[in-house]
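The structure appears right after this line, and notes come after that.
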Amino acid sequence: MGKQAAPRKVGDKEALAVGNTIRGSARKLNLVAGLIRGKKVEQALNILKFSPKGMSEDVYKVLASAVANAENNHNLDVDALVVAEASVGKSISMKRFATRARGRSSRIVKPFSRIRVVVREQEEA
């Protein structure tokens with residue numbers, strides 16, 4: 001009489017990984033995600049490994065997690081995987097303040113972002 005299992009959020013030949021609290025703005029993270037959309041996984045991992053962008057390391061970890069999920073949980077072929085989707089959104093924002101002249105203060109917003117990476121097994125043509 002337990003709770004029913006949640007339905008899969010992606011298709012049968014797909015695997016998913018989500019990074020919820022990546023430090024930095026969603027706008028900057030989307031630049032890095034755009035580098036890997038539609039690429040083969042092996043090529044995408046190389047792009048992220050040698051990218052000068054700061055958040056590419058976090059995206060690399062999420063993509064590697066999606067590949068591990070595909071291999072271990074869904075029995076997909078790692079060599080045939082393609083980055084089907086890399087979507088970015090806003091997460092929480094830390095609010096801080098900085099002291100200013102004449103006893104005033106100003107607000108500093110430190111944003112966090114989230115990224116959702118879906119890899120799909122593609123048949124060789």
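The values are calculated or read from the model by the stated rules, or taken from the named source; none is laboratory data. Computed from a predicted model, the values in this text were never measured in an experiment. Quick reminder, even Gly has a Cβ in these numbers, built from the backbone with ideal geometry, and neighbours come from all protein chains shown. Quick note on the areas: whole protein, heavy atoms, side chains included, nothing else; ligands and nucleic acids left out. Shrake-Rupley method; radii C 1.70, N 1.55, O 1.52, S 1.80 Å.
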note = Considering region 75-87, residues that are touching a residue at least 12 places away in the same chain (Cβ under 8 Å) and open to solvent by 70 Å² or more (accessible area, probe 1.4 Å), and then whichever is farthest from GLY38 (Cα to Cα), we arrive at ASP77
task = Using the structure shown, decide if ASP58 is part of a helix (DSSP H, G or I) and open to solvent by 100 Å² or more (accessible area, probe 1.4 Å).
result = no
message = Quick check on this structure: which one of GLY24, GLY38 is open to solvent by 30 Å² or more (accessible area, probe 1.4 Å) and small (Gly, Ala, Ser)?
response = GLY38
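So that you can scan it fast, the table gives a plain yes or no per residue for (1) without any contact (Cβ under 8 Å) to a residue 24 or more places away in the chain; (2) open to solvent by less than 70 Å² (accessible area, probe 1.4 Å); (3) under 12 Å from the mean Cα position of the chain (by Cα):
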{"position": "ASN73", "(1), (2), (3)": "no, no, no"}
{"position": "GLY89", "(1), (2), (3)": "no, yes, yes"}
{"position": "ALA98", "(1), (2), (3)": "yes, yes, no"}
{"position": "ARG104", "(1), (2), (3)": "yes, no, no"}
ask   = Looking at region 106-120, which of the residues that are β-branched (Val, Ile, Thr) and under 20 Å from SER65 (Cα atoms) is surrounded by the fewest Cβ atoms within 10 Å (Cβ to Cβ)?
value = VAL118
message = Quick check on my filter: what residues within region 7-24 are assigned to a loop (DSSP other than H, G, I, E, B) and closer than 27 Å to ALA80 by Cβ?
response = PRO7, ARG8, LYS9, VAL10, GLY11, ASP12, LYS13
Residue among ARG27, ARG96, ARG107, ARG116 that is modelled with pLDDT of 95 or more, among the charged types (D, E, K, R) and assigned to a helix (DSSP H, G or I) = ARG27
message = For the structure I just gave you, tell me whether ILE47 is out of contact with any Asp or Glu (no Cβ under 6 Å at 6 or more places or on another chain) and open to solvent by 10 Å² or more (accessible area, probe 1.4 Å).
response = yes
query = Among the residues of region 75-82, is any at pLDDT below 95 and on the phi > 0 side of the Ramachandran plot?
reply = yes
query = Can you tell which of ALA84, ALA70 is in contact with a helix residue (DSSP H, G or I) (Cβ under 9 Å, 6 or more places away or on another chain) and within 28 Å of PHE50 (Cα to Cα)?
reply = ALA70
